[in-house]
Amino acid sequence: MSVTIYHNPRCSKSRKTLEIIEASGIEPTIVPYLQEPPTAAEILGLAAGLGLPVAGLLRRGEAAFKEATDLPSLDDDAALAAWLSANPIVIERPIVVNTGSGKAVIGRPPENVEELLG
């Protein structure tokens with residue numbers, strides 16, 4: 001199984017999710033998404049893999065979200081994906097993707113990743 005984790009090493013949930021993946025014997029591809037933000041197209045793919053609208057990827061408690069003056073309509077997936085690509089701190093974390101199936105989960109709680117790992 002090939003797994004990718006969109007990871008923030010400063011986040012305890014992200015660290016714990018990575019720990020669960022590695023304990024299962026999988027060496028995931030780690031994307032430090034704050035330094036290497038996903039493209040708008042990748043964000044649309046992540047949302048599809050999660051079965052969520054792009055607005056479901058928002059960390060609504062983040063100051064960058066609360067203070068945003070350029071936030072597009074939450075119903076406009078394409079515009080919101082582009083905005084998230086430019087503002088990755090607002091992307092929910094961690095997101096783990098089974099790259100074979102495209103299915104994804106958000107590691108909140110970290111144990112959510114277990115359903116993806118089988």
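The values are calculated or read from the model by the stated rules, or taken from the named source; none is laboratory data. Note that the structure is predicted; figures quoted are calculated from it, not measured. Please note: Cβ atoms are built from the backbone with ideal geometry, for glycine as well, and neighbour counts cover all protein chains shown. Ligands, DNA and RNA are excluded from the accessible area calculation, which covers all protein heavy atoms including side chains. Shrake-Rupley method; radii C 1.70, N 1.55, O 1.52, S 1.80 Å.
Tabulated values for the structure
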read-out	value
Residues with amide H under 5 Å from that of HIS7, placed H, sequence gap 5 or more	VAL31, TYR33
The chain: angle of helix 40-50 to the longest principal axis, Cα-based, in degrees nearest 10	60 degrees
Rounded to the nearest 20 debye, dipole of the chain from Cβ charges on Lys, Arg, Asp, Glu	300 debye
Accessible carbon and sulfur surface of the chain relative to its total accessible area, %, 1.4 Å	50 percent
Candidate lysines for bridging to LYS103, where Cα separation is under 27 Å - those fewer than 8 sequence places away on the same chain excluded	LYS13, LYS16
Acute angle (nearest 10 degrees) that the helix 77-86 long axis makes with the longest principal axis of the chain, alpha-carbon atoms	80 degrees
Accessible surface, per residue, of the chain when the full set of protein chains is kept, probe 1.4 Å, Å²	50 Å²
Helix-only [θ]222 nm of the chain, DSSP H runs n ≥ 4, -39500 (n - 2.57) each, per residue, nearest 500	-10000 deg cm²/dmol
Table column - 3J(HN,Hα) (Hz), the stretch 101-112, Karplus curve with 6.51, -1.76, 1.60, x for Gly and Pro	9, x, 5, 9, 9, 9, x, 9, x, x, 5, 4
